[in-house]
C-alpha cells in the first residue's frame, strides 16, 4: 500500500471517528455522504472500527426504525482519534507550509515579470 493511500485511509478513519463522536445516531448512508465514500466502503470501515475495538455498535430501543444503530467511541477509539488528529494536523501544517512557499515563489515570479514588462 502506498503512503498516500495509507494517509487517505487514516484521514477517513479520523473523520469517521469525529462524526460518530459528534452524532452517535448517524446512519451509514449519512456517514458515507459526509466522508464521500460508497455505502459499501462505509459498512466495511464500520466493521473494521468495531473489530479493532474503536467503536461499539448497537441497536437502540427508542428508535422509530428498529434496524437503526447507535455508534459509540470506546476509550480505545478516543485514543486512536487523538493519535490520528495529531497526524492529520502535522500533515495539514506541512501542506500549508508547502503551499505558502509556492504562493510566495509565484508572487516573486509575477513581480519579476511585471518589472521586465515595464
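Please tell me if residue 89 is at pLDDT 95 or above, surrounded by 13 or more Cβ atoms within 10 Å (Cβ to Cβ) and under 25 Å from residue 20 (Cβ atoms).
Answer is no for this residue.
Being surrounded by 14 or more Cβ atoms within 10 Å (Cβ to Cβ) and within 14 Å of residue 13 (Cβ to Cβ) is a property that holds for residue 81. Of the residues making up the range 7-21, one or more are free of Cβ contacts under 8 Å to residues at least 24 places away in the same chain, farther than 21 Å from residue 95 by Cβ and in contact with a helix residue (DSSP H, G or I) (Cβ under 8 Å, 6 or more places away or on another chain).
Can you name the residue in the range 22-40 that is out of contact with any helix residue (DSSP H, G or I) (no Cβ under 7 Å at 6 or more places or on another chain) and part of a helix (DSSP H, G or I) and is also surrounded by the fewest Cβ atoms within 10 Å (Cβ to Cβ) among such residues? If we take residues in the range 22-40 being out of contact with any helix residue (DSSP H, G or I) (no Cβ under 7 Å at 6 or more places or on another chain) and part of a helix (DSSP H, G or I), then 22 is surrounded by the fewest Cβ atoms within 10 Å (Cβ to Cβ).
Residue selection: residue 35 fails the criterion of being at pLDDT 95 or above and under 21 Å from residue 58 (Cα atoms).
Candidates 49, 73: the one that is under 17 Å from residue 9 (Cβ atoms), modelled with pLDDT of 95 or more and surrounded by 15 or more Cβ atoms within 10 Å (Cβ to Cβ) is 49.
The values are calculated or read from the model by the stated rules, or taken from the named source; none is laboratory data. As the structure is a prediction and not an experimental result, all values here were calculated from the model. A quick note on method: Cβ atoms are made from the backbone with ideal geometry, for glycine too, and the neighbour counts reach across all protein chains shown.
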